[in-house]
Amino acid sequence: MQPAPNPRQEKGHEIASAQGQVFRVADGYYKVKSQSRSQYYDVNNTSIGWKCNCPDHKFRGTKCKHIWAIQISLGLREEVKKHVVLEPITITHCPTCGSQNIKRSGIRHNKSGDIQRFACKDCSKIFSFNIGFERMKHNPKAVTTAMQRGRRRRLKVFFFI
Ligand SMILES: [Zn+2]
Ligand SMILES: [Zn+2]
């Protein structure tokens, strides 16, 4: 096996792909969980570039795995936005009683997008689905299908922005 060309980048990719490792504090300010101890490092986008307060970055001046993780996460998010096509979800069953006897019951608009409402004619339950992508901006959510570097590949992306 060949050694990875850039171990920090590899590590950053691992961090970016795992859940609960990266948190957005503000625009350009993130916290990344330390991989070796139970603490978080501060990663900031400054006027002179990304800065992290981990020893690797502070003392060696390297682009550490935490900065890699942020940049990869941001890049992935853009990639996913570009390539993920949300297929319309076909609702065929009532989630409560399983009946196929359902009908559309109007669309509700809110700031997360349009929500299609359905009504079950058997149990009278009204249910709705929000399949808007915008909503994911604000809630960490896994998207399991994304295109990466032109190849179709399953990957998990946890949005944190
Ligand atoms: Zn760092
Ligand atoms: Zn029902």
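Details
- The residue list PRO88, PRO95 contains one member that is modelled with pLDDT under 85 and in contact with a strand residue (DSSP E or B) (Cβ under 7 Å, 6 or more places away or on another chain), which is PRO95.
- Residue count for segment 10-21, restricted to those that are crowded, with 16+ Cβ neighbours inside 10 Å and in a helix (DSSP H, G or I): 6
- Close pairs from segment 53-81: first away from ligand 2 (no atom under 16 Å from the Cβ), partner of a type in the set (Val, Ile, Thr) and assigned to a helix (DSSP H, G or I), Cβ under 6 Å, at least 6 apart: ALA69/ILE15
- Per-region count, segment 29-56, residues modelled with pLDDT of 90 or more and of a type in the set (Gly, Ala, Ser): 3
- Residues located in segment 41-81, provided they are of a type outside the set (A, V, I, L, M) and surrounded by 18 or more Cβ atoms within 10 Å (Cβ to Cβ): TYR41, TRP50, CYS52, CYS54, HIS57, LYS63, CYS64, LYS65, HIS66, TRP68, SER73, ARG77
- Filtering segment 55-80 to residues that are within 11 Å of ligand 1 (Cβ to nearest atom) and closer than 17 Å to GLU10 by Cα leaves ASP56, HIS57, THR62, LYS63, CYS64, LYS65, HIS66, ILE67, TRP68, ALA69, ILE70.
The values are calculated or read from the model by the stated rules, or taken from the named source; none is laboratory data. Model, not experiment: these values are computed from the prediction. Using ideal geometry, Cβ is built from the backbone for each residue, glycine included, and neighbour counts are taken over all protein chains shown.
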